[in-house]
1. Does A30 count as within 21 Å of N95 (Cα to Cα) and of a type in the set (G, A, S)?
2. From (1) assigned to a helix (DSSP H, G or I); (2) modelled with pLDDT under 90; (3) under 24 Å from I23 (Cα atoms); (4) of a type in the set (S, T, N, Q), pick out the condition that doesn't hold for S80.
3. Consider only pairs whose beta carbons are under 7 Å apart and that are at least six residues apart or on different chains; among these, list those whose first residue lies in the range 31-57 and is closer than 11 Å to W82 by Cβ and whose second residue is among the hydroxyl-bearing types (S, T, Y) and surrounded by 13 or more Cβ atoms within 10 Å (Cβ to Cβ).
4. Here are V25, V46: which of them is modelled with pLDDT of 90 or more and under 23 Å from the mean Cα position of the chain (by Cα)?
5. Just give me the residues in the range 76-125 being among the basic types (K, R) and exposed (fewer than 14 other Cβ atoms within 10 Å of the Cβ), in sequence order.
6. Of everything in the range 27-58 that's in contact with a Pro (Cβ under 9 Å, 6 or more places away or on another chain), within 17 Å of K122 (Cβ to Cβ) and of a type in the set (S, T, Y), which residue is surrounded by the fewest Cβ atoms within 10 Å (Cβ to Cβ)?
7. Mind telling me which of the residues F71, F24 ends up being surrounded by 11 or more Cβ atoms within 10 Å (Cβ to Cβ) and touching a Pro at 6+ places or on another chain (Cβ under 9 Å)?
8. So is V25 within 30 Å of I6 (Cβ to Cβ) and in contact with a helix residue (DSSP H, G or I) (Cβ under 9 Å, 6 or more places away or on another chain) or not?
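The values are calculated or read from the model by the stated rules, or taken from the named source; none is laboratory data. Predicted model only: the values in this text are computed from it and were never measured. Reconstructed Cβ throughout: ideal geometry from the backbone, glycine too, with neighbour counts over all protein chains shown.
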Amino acid sequence: MGFNMIENFRYLAINTYHVDPGIFVFLMLASIPPYYYGWYGLLRGVIRFRKEYKDKSNNLKPLDVLTRNYFIWPLVINRSAWVMPYIYVIFWGENLPLWFWILFIGWIFISGYLFWNKIKQKIIK
């Protein structure tokens, strides 16, 4: 019964939304190494920026971290890997219901806000 139910969901996803769950899962797994590599680079960048930030002679603000290449590139890698499977759904999916778009956009904004607060706390701390 369990495998039949999974196969029914797969059939529904492929035929209704034109999204193959196998490809989605593959993209989720493939995005794990770049995602954590991006976190590693971000933490290194935060540590490097924190050293500059503690020097009061340069008048840096936490938002100035976004002007540093050693922070921007890991951020791009991390966020790209994080959203990669969902980009597949957005570009190749069809007939996606309105609730998907509401949840996806809400998820992007809320997680972006929480992500920035976490990085800002690490800089100030």
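1. On the way: within 21 Å of N95 (Cα to Cα): no; of a type in the set (G, A, S): yes.
No: the conditions fail for A30.
2. Among (1) assigned to a helix (DSSP H, G or I); (2) modelled with pLDDT under 90; (3) under 24 Å from I23 (Cα atoms); (4) of a type in the set (S, T, N, Q), S80 violates only (2).
3. none
4. V25
5. Once the filter is applied, which keeps residues that are among the basic types (K, R) and exposed (fewer than 14 other Cβ atoms within 10 Å of the Cβ), the range 76-125 yields K118, K125.
6. Looking at residues that are in contact with a Pro (Cβ under 9 Å, 6 or more places away or on another chain), within 17 Å of K122 (Cβ to Cβ) and of a type in the set (S, T, Y), I get Y40.
7. Result of the check over F71, F24: F24.
8. Working: within 30 Å of I6 (Cβ to Cβ): yes; in contact with a helix residue (DSSP H, G or I) (Cβ under 9 Å, 6 or more places away or on another chain): yes.
When the stated conditions are applied, V25 passes them.
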